[in-house]
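Reviewing the structure listed below.
Coordinate-derived values only; no laboratory data. Computed from a prediction, not measured in an experiment: that's the story for all the values here. Cβ placement follows ideal geometry from the backbone for every residue including glycine, while neighbour counts extend to all protein chains displayed.
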Amino acid sequence: MSKTFFNKDPKRNEEHGFEWGTLMTDELDFVSLKDQSAHIAGRSVNWWVANFGLPLHIFYAPKIVNNVRAYKKVFEEHYPKGEIRFAGKVNPHPSVFNLMRQEGIGADVVSMNEMNAALMGGIDPLHIDVNGNAKSNQFIDKALEHNMFFVADSYEEMQIINKRAESIGRKARTILRVAGFHMDNVTDANVFTAGVWSKFGENINNIPGIIRQLDQFPYLDFQGFHSHIGSQITEPDAYWIMIGKLLELGALLNEAGGHFRLLNIGGGFPFNYVGKKEWEYLQKRVREGYIQTKEGHPEETFVWNNELGGIKRNPEGTVDTKSWSGEKMYSDYPKYHMLEEVLKGNTKVNGQEMTVKEALKKMGEPTVVIEPGRSIAEDCGVTLSKVSHVRKVAGHHHLTTLEASVTSFATAMLLPPVNPWTVINHPLEHDEKPFETFLAGDLCYSGDIISKYKIFLQRKPRRGEVLCCYNTGAYDPSFFAANTNAFPRPTRVLTDKDHIISVIKKRDSFRDIFSMDKH
């Protein structure tokens, strides 16, 4: 997205080299400025509010399609034996899966309903990967019925899949998920899924022994290995380490009489929520705010309750303000650029350094599968929320309360998000300085803080005005959606370039919330 500035020569943040709170327009006209008012997918903000109410989540299909095509192009140019599985968990709905079908890619699913949505969306079952760490018998059986591909989460789950495959006399195409990697600060601990302490995957130290026991699984067509490092992996090094280790396991598989054919390197390709200068500035504010508050200047606090944000806490409990261990919101290799960098880089296999492409060639050029989710869907979405009021908190800081909650902003449930925000009513109005504020929701518990980092708006918002939060197309609207305090879950809509709207989730009615319909 580009930024629509408020005047011809914006200088309000010249010292930082960027503008806060500006209306972020884009070349696809997802968000645009027409007659000095903001439009989303060709319709005015007022039209969206009048027809669907607030809060409201809007997704734009052309953004999704463009992101998928960019990933496909990387494989075409660098490794033609690459395949894409859309990580359905980020935005699961038949209409979204149908976009993937139209683009010729598969899906990664972790529940019966995600599976059924992928099938309803027309995804070829041969290109549906069945993932997750707690697959039910029903889930496994339906996957077997359609000859889907299994990502077994553990040795124990391999036993379960093998037994159920035997009962119907069919072999299950299978790979094994691997964890147990020692990687420091690759992302926030809440979204790092390949470490030693992970509920996902078999520890890498156990894999050689499992390979030697593969004759115990006659109903598994065992093809290789999978690992998903986590979400928002901003540097390629972790991928290079993981690829080398998985290729070593592939060599062991071949030596044991197996046939290594497939390497799934998961997803986690990063998305840039802000530019490099903004990210550096935010980190500086987090660090300096923490230190100055500890030194008796609470007016400098930048993170809610002076929490650490992404600052590293050492195992012994001390705080290292120079180190960052939280999720990183900027990368030099965003989205498909990370895949390109990984394929162009070097890895180390059994102590020998070589290019990734050379390493793959030595292993017989296995199919390489990726599972992007956030980086495909995130910038396709915006969320609109109504302002309740603005007040002061802790004596020094503005707090803007919204008629919305963290249940519509999933990232805020786990860590401080840094999504850009705009007062989207009369978007060209602005104050002399950006308005800094925390954001709170309307739920009756104190953890309902939508933004624990201060956000920057172009002006102080007024009661009843609408805030637009950008980049909420993945996870945020659905991951923790709930009827807390009997509030309705908001409407979610998908719109295409022709302004045709699919309602992904209708706003809950009173009867929906309390299951009062007669059956």
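Amide H contacts for Leu220 (H built 1.01 Å from N in the peptide plane; partners 5 or more residues away or on another chain; cut-off under 5 Å): Ala172.
Only DSSP H runs of four or more residues enter the estimate; each adds -39500 (n - 2.57), and after division by the residues of the chain the mean residue ellipticity at 222 nm equals -8000 deg cm²/dmol.
Report, for the chain, the % of DSSP beta bridges that are antiparallel, rounded to 5. Don't jump to the answer; show the numbers that get you there.
Numbers: 45 of 81 bridges.
Roughly 55 percent of the beta bridges in the chain run antiparallel, per DSSP.
Fully extending the segment from Glu465 to Glu432 would add 9.9 nm, taking 0.36 nm per residue of separation and subtracting the current Cα-Cα distance. Taken one residue at a time, the phi angles of the range 376-384 give Karplus couplings (6.51, -1.76, 1.60, θ = phi - 60°) of 8, 9, 4, 7, 8, x, 10, 10, 9 Hz. Gly and Pro are set to x. Relative to the current alpha-carbon distance between Ser44 and Asn147, full extension at 0.36 nm per residue lengthens the span by 32.5 nm. On the principal axes of its alpha-carbon atoms, the range 313-407 has extents of 63, 40, 22 Å, going from largest to smallest.
If R₀ is 35 angstrom, what is the calculated FRET efficiency for the pair Tyr445 and Ser509, using the beta carbon separation as r and rounding to 0.05?
On the way: r = 24 Å, r/R0 = 0.69.
For R0 = 35 Å, the calculated efficiency reads 0.90.
Rounded to the nearest 0.05, what FRET efficiency do Ile500 and Glu76 have when you use their Cβ-Cβ distance and R0 = 30 Å? Could you put the intermediate results ahead of the total?
Details: r = 30 Å, r/R0 = 0.98.
Plugging the Cβ-Cβ distance into 1/(1 + (r/R0)^6) gives 0.50.
Each 10 Å bin from 0 upward holds the following percent of the Cα-Cα pairs of the chain: 4, 18, 28, 25, 17, 8, 2, 0.
Hey, what's the Kirkwood Rh for the range 71-161 if you take every pair of different alpha carbons, in angstrom? Each step should come with its number before you reach the end.
Working: mean 1/r = 0.0744 Å⁻¹.
For the range 71-161, the Kirkwood estimate is 13.4 Å.
Evaluating 6.51 cos²θ - 1.76 cosθ + 1.60 at θ = phi - 60° for every residue in the range 321-338, the Karplus couplings come out as 5, 8, 10, 10, 10, x, 5, 9, 9, 9, 9, 6, 10, x, 6, 5, 4, 5 Hz, glycine and proline recorded as x.
So which of Lys135/Lys312; Lys63/Lys277; Lys284/Lys433; Lys73/Lys497; Lys73/Lys386 end up more than 29 Å apart by C-alpha? Don't skip to the answer; put the middle values down first.
Details: Lys135/Lys312 35 Å; Lys63/Lys277 25 Å; Lys284/Lys433 19 Å; Lys73/Lys497 22 Å; Lys73/Lys386 40 Å.
Over 29 Å Cα-Cα: Lys135/Lys312; Lys73/Lys386.
Amide hydrogen proximity for Val349: with H placed 1.01 Å from N in the peptide plane, the residues at 5 or more positions away or on another chain lying under 5 Å are Met354. The gain in end-to-end length when the Met120 to Val390 segment is fully stretched comes to 92.7 nm, 0.36 nm per residue minus the alpha carbon separation. Electrostatic bookkeeping for Leu28 treats Lys and Arg as +1 and Asp and Glu as -1; over the other residues with beta carbon under 12 Å from its beta carbon, the sum is -3. Over the range 276-324, consider all pairs of different Cα atoms and compute the Kirkwood hydrodynamic radius from their mean reciprocal separation; express it in Å, one decimal. Taking the inverse mean of 1/r over all distinct Cα pairs, the range 276-324 comes out at 11.0 Å. Note: relative contact order over the chain, using C-alpha pairs below 8 Å and six or more positions apart, is 18 percent.
For the range 163-216, state the semi-axes of the equivalent ellipsoid (square roots of 5 times the eigenvalues of the alpha-carbon gyration tensor), sorted largest first and rounded to whole angstrom.
29, 14, 7
Between Thr367 and Lys322, the modelled labels are 4.9 nm apart [label points 7 Å from Cα along Cα→Cβ].
Of the peptides 463-473, 52-62, how do they stack up when ordered by the mean number of other Cβ atoms within 10 Å, highest first? Walk me through the numbers before you get to the answer.
On the way: 463-473: 21.4, 52-62: 23.0.
Final packing ranking: 52-62, 463-473.
In terms of the mean number of neighbouring beta-carbon atoms within 10 Å, the peptides 102-114, 310-322 order highest first as 102-114, 310-322.
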